[in-house]
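First up is the structure itself, then whatever we jot down about it.
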Amino acid sequence: RRLLGVAGGAGAAGLLGGGVADAVARRWAGPAETPLTATGATAVPFHGRHQAGITTPPQAWGHLVAFDLVPDAGRPEAAALMRRWSRAAEAMTAGRPPEGDNQIALDAGPCSLTVTFGFGRTFFGKTGLEDRMPEALVEMPPFPGDDLDRSRSDGDLWVQIGADDPLVAVHALRVLQRAASGTAAVRWQMNGFNRARGATERPRTVRNLMGQIDGTANPDPSDPDFDAKIFVGGATGGEAWMDGGSYAVVRRIRMLLDHWERLPVDRQERVIGRRKDTGAPLSGGTETTPADLTATGPDGTLAIPGDAHIRVAAPASNGGATMLRRSFSYHDGHRDDGAPDAGLLFVAWQADPTEGFIKVQRKLAGGDSLSRFLKHESSAMFAVPGGAEDPDDYVGRSLLE
Ligand code: HEM
């Protein structure tokens, strides 16, 4: 791939005269020979003990796509697909065109592309691998308030694509969907976004469409118990193929933004338990100050209200339950009632969903004050195996071979 920007704009220059034409051309094409910025040049390695796209900082663009195996496809076809997918993903994440490329991303660098693969419960029956289905991959229980669309839930296979450039992300989507042809068909697709790299002065926690800083209290990879909470380690027997893997819970959560935005900011802050501008807990300090759930205000009431989202969701309120939240926002136009079809493509990572998402969501659905402003519209859970460790390996090999 070419590592320099394109100096185009000749068409505009031909129609307009002199300095104006030059200015227009510059505006559309940028200065000639612009080197790739860090956004374009950054590559996230595909190979490793864990798949990329879990601890990778959230990219600007994301596609979550579930596939179902076609009726005649079984274990050998699924193995061949995972081999094709891994090969294509490795090339694209390194910034090389995959075999038979359609050239959608030809001029771009890797742009932090990651591709993460997972298996849903239904995958195991269709491939004759029921006895290898991990115990942790439980059926998701229903929660009060769920309003799930089954056609946009579940799936045999899952692909999470993230990149800091929209064309690079769509390129990966198209390449992987074509590589699945004859073996698996798209069941649902959701498109999301975060902030573009370079849009803020220094890296900051992203904001969601409610305007809140979202991700502050996430566990940090440097925490001593991070790996134990987020990744499967030391799995044995039929589940050894999940060693180094994790479980992804995916929920499409629509935000009732018209209701939310009518609420004064101080009340919005009490719903979460943090300040909206700085993300600091209402118990005081800055964004990174640990929330003090016991602190009281001058009137003697709790500084972080009893039903505030961060109190109800906190590990301290849920026997230590922990997950890594790594979501994308979405805005898919407007509904028939005029309300935005917008919210969060919530993705939570953990070593055991029963001890992570399920425990916390039971509590939240039972009455945190944020739930009034949300609708959970789809739901899925996937076993995401460890990464392919070297060029001969592919994701899921120790399950499928
Ligand atoms: C914290 C928003 C759904 C679990 C937070 C925070 C915000 C937020 C603004 C505080 C900043 C931070 O630590 O990230 C939202 C929104 C949601 C949503 C807008 C839906 C659209 C969920 C769900 C779960 C969850 C479904 C899990 C079942 C948590 C946890 C924390 C948190 C564990 C950290 C609590 C702590 O220890 O302080 N969320 N959240 N959230 N959220 Fe959510």
Among residues of segment 277-296, those that are buried (at least 17 other Cβ atoms within 10 Å of the Cβ) and either out of contact with any Pro (no Cβ under 8 Å at 6 or more places or on another chain) or part of a loop (DSSP other than H, G, I, E, B) (or both), counted: 6
Subset of segment 307-333 (residues that are more than 7 Å from the ligand (Cβ to nearest atom), part of a loop (DSSP other than H, G, I, E, B) and closer than 19 Å to Thr55 by Cα): Ala321, Thr322, Arg326, Ser327
Evaluation of Val168 against (1) in contact with a His (Cβ under 8 Å, 6 or more places away or on another chain); (2) of a type outside the set (D, E, K, R); (3) part of a helix (DSSP H, G or I) (one fails), failing number: (1)
Residues of segment 347-375 classified as assigned to a strand (DSSP E or B) and surrounded by 21 or more Cβ atoms within 10 Å (Cβ to Cβ), total: 5
Members of segment 106-125 that are under 22 Å from Arg83 (Cβ atoms) and crowded, with 18+ Cβ neighbours inside 10 Å: Pro110, Leu113, Thr114, Val115, Thr116, Phe117, Gly118, Phe119, Gly120, Phe123, Phe124
Residue tally, condition in contact with a helix residue (DSSP H, G or I) (Cβ under 6 Å, 6 or more places away or on another chain) and either among the hydrophobic types (A, V, I, L, M, F, W, C) or at pLDDT below 95 (or both), over segment 86-99: 2
Qualifying residues in segment 202-250 (those that are of a type in the set (S, T, N, Q) and part of a loop (DSSP other than H, G, I, E, B)) - the one nearest to Gln268 (Cα to Cα): Gln212
Test set (1) within 11 Å of the ligand (Cβ to nearest atom); (2) at pLDDT below 95 - Ile272 fails condition number: (2)
Residues of segment 51-66 classified as closer than 14 Å to Ala383 by Cα and either of a type in the set (Lys, Arg) or touching a helix residue (DSSP H, G or I) at 6+ places or on another chain (Cβ under 9 Å) (or both), total: 2
Residue list for segment 282-306, filter: more than 8 Å from the ligand (Cβ to nearest atom) and touching a helix residue (DSSP H, G or I) at 6+ places or on another chain (Cβ under 9 Å): Leu282, Leu293, Leu302, Ile304, Pro305, Gly306
Filter result for the condition that a residue is in contact (Cβ under 8 Å) with a residue 40 or more places away in the chain and in contact with a Phe, Trp or Tyr (Cβ under 6 Å, 6 or more places away or on another chain), over Ser327, Ser317: Ser327
Residue list for segment 91-122, restricted to those being out of contact with any strand residue (DSSP E or B) (no Cβ under 8 Å at 6 or more places or on another chain) and among the small types (Gly, Ala, Ser): Ala91, Ala94, Gly95, Gly100, Ala105, Ala108, Gly109
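The values are calculated or read from the model by the stated rules, or taken from the named source; none is laboratory data. These numbers were taken from a predicted model, which means no experiment stands behind them. Cβ sites come from the backbone with ideal geometry, for glycine too, and all protein chains shown count toward neighbours.
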